[in-house]
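J.: This is the structure, below, for whatever I ask next.
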Amino acid sequence: MALAGVQLLAFALALSGVSGVLAATLLPNWKVNMDVGSNIITAIERLEGLWMDCTWYSTGMFSCTLKYSVLARPSHEQAARAAMILACILSAVGLCTSTVGMECTRLGGDPETKRHACFAGGVCFLSAGTSGLIPTVWYTKEIIANFLDLTVPQSNKHEPGGAVYLGIISAVLLVVSGMIFCTSCLKKKSGALLHPCKQPPISTTQPEDSSAYSLKDYV
């Protein structure tokens, strides 16, 4: 029961991580640029994401433009697109595989198959978390380097948006979930090796020989 509870906790963390990675991939606020003019009416907020750029005016108007060109984007943005898509795919595969390998489910068949499925799900979550953590950290590093560059005009400087922080937190949740799944499967295997099936004791009594003479015959 304790193992099943730990796996349920890991599955909940993984589900939260998958939702966060998917949301971070689609959100347009990876970079935020606040431009405030002399008049409050001209204050606007520019949001840049992996797939679209949005502009939010103080009057309440909100407009977005899709990024159709792939080669025209910076290298870190192209890498972030590919890595985040890979993280979404790996995390989805991990959800399906770990569901088969969990103790509280009736899927997977024999315990050995469920153990392999549980370990495979943990590896998928670890890979998805790593794939989501690398582009978000790289993207944040590029934003900070551009912000501290004195040659860049103030109007072209950005700050990390909420999608970057969401992606980092979600990637960490996936890594933690994958570690829990892999550790629980290894503990289960070691427990099976430490407590092997007991063999029935072998009887050392010899069957009574029907042809043996009784000692009463010699009295």
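J.: All but one of (1) open to solvent by 70 Å² or more (accessible area, probe 1.4 Å); (2) at pLDDT 90 or above hold for THR97, so report the exception by its number.
T.: All conditions pass for THR97, except number (1).
J.: Would you check if ASN146 is over 21 Å from THR25 (Cα atoms) and at pLDDT 85 or above? I'd like the intermediate steps shown before the answer.
T.: Details: over 21 Å from THR25 (Cα atoms): yes; at pLDDT 85 or above: yes.
Yes.
J.: In addition: Are any of the residues in segment 100-119 open to solvent by 70 Å² or more (accessible area, probe 1.4 Å), at pLDDT below 85 and in a helix (DSSP H, G or I)?
T.: Yes, segment 100-119 contains at least one residue that is open to solvent by 70 Å² or more (accessible area, probe 1.4 Å), at pLDDT below 85 and in a helix (DSSP H, G or I).
Residues are listed down the side, and each one gets a yes or a no for (1) of a type outside the set (Val, Ile, Thr); (2) under 22 Å from CYS104 (Cα atoms); (3) at pLDDT 90 or above:
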residue: GLY5; (1), (2), (3): yes, yes, no
residue: LEU15; (1), (2), (3): yes, yes, yes
residue: GLY20; (1), (2), (3): yes, no, yes
residue: ALA24; (1), (2), (3): yes, no, yes
residue: LEU27; (1), (2), (3): yes, no, yes
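J.: So if I check each of GLY37, GLY60, which one is at pLDDT below 90, of a type in the set (Gly, Ala, Ser), more than 23 Å from LEU133 (Cα to Cα) and open to solvent by less than 50 Å² (accessible area, probe 1.4 Å)? It would help to see each step written out before you state the result.
T.: Details: GLY60 fails: open to solvent by less than 50 Å² (accessible area, probe 1.4 Å).
GLY37 is the lone residue from the list that is at pLDDT below 90, of a type in the set (Gly, Ala, Ser), more than 23 Å from LEU133 (Cα to Cα) and open to solvent by less than 50 Å² (accessible area, probe 1.4 Å).
The values are calculated or read from the model by the stated rules, or taken from the named source; none is laboratory data. Predicted model, so just to flag it, every value in this text is computed and none were measured. The protein model used for the area step is the full one, side chains on, heavy atoms only, and it has no ligands, DNA or RNA in it. Shrake-Rupley method; radii C 1.70, N 1.55, O 1.52, S 1.80 Å.
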